[in-house]
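The values are calculated or read from the model by the stated rules, or taken from the named source; none is laboratory data. Treat the numbers as computed from the prediction; the structure is a model and nothing was measured. Cβ placement follows ideal geometry from the backbone for every residue including glycine, while neighbour counts extend to all protein chains displayed. Heads up: the accessible areas ignore ligands, DNA and RNA and are worked out on the full protein's heavy atoms, side chains in. Shrake-Rupley method; radii C 1.70, N 1.55, O 1.52, S 1.80 Å.
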Amino acid sequence: MLSVPEVVEDPQLTARGAFVKATHPQHGTFLQVAPVLAGTVAPTEPVRVPDAGETDTDELLVEAGLSPAECTRLRECGAVA
C-alpha cells in the first residue's frame, strides 16, 4: 500500500501523466489526478483550485438552460450551494 506522497512520485504513474500540477490560493502548488478519460488532453499550465466558498454553480446552471431567476430560487431553497 502506497501513501499519497508515494503515489504521486511513482515512476510508472508519472510516466503515464497520471497527475497534473494544481495551485490553490492558500495551499500553494500540489499534484492532483489528471484527466483520465481517453482523448482528454491534460492541461499544460497548473490548474487553479478555487477556495471552498467560490463556485461556478450559477454559470453551469445557466449553461444547462436554467434562467438566472431559477438559479436564485434553487439557491434560496437550499437545492444548490
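Considering PRO25, PRO68, the condition of being of a type outside the set (D, E, K, R), open to solvent by 60 Å² or more (accessible area, probe 1.4 Å) and over 30 Å from LEU13 (Cβ atoms) is satisfied by PRO68 alone. For the stretch 7-64, a tally of residues being of a type in the set (Phe, Trp, Tyr) and out of contact with any Leu (no Cβ under 9 Å at 6 or more places or on another chain) returns 1.
When you check VAL33 against the structure, is it modelled with pLDDT under 90, closer than 19 Å to GLU9 by Cα, open to solvent by 70 Å² or more (accessible area, probe 1.4 Å) and not aromatic (Phe, Trp, Tyr), yes or no? Taking the combined requirement at face value, the residue satisfies it.
The listed residues are GLU45, GLU54, GLU6, and the only one of them that is of a type outside the set (Ser, Thr, Tyr) and either surrounded by 12 or more Cβ atoms within 10 Å (Cβ to Cβ) or at pLDDT 85 or above (or both) turns out to be GLU6.
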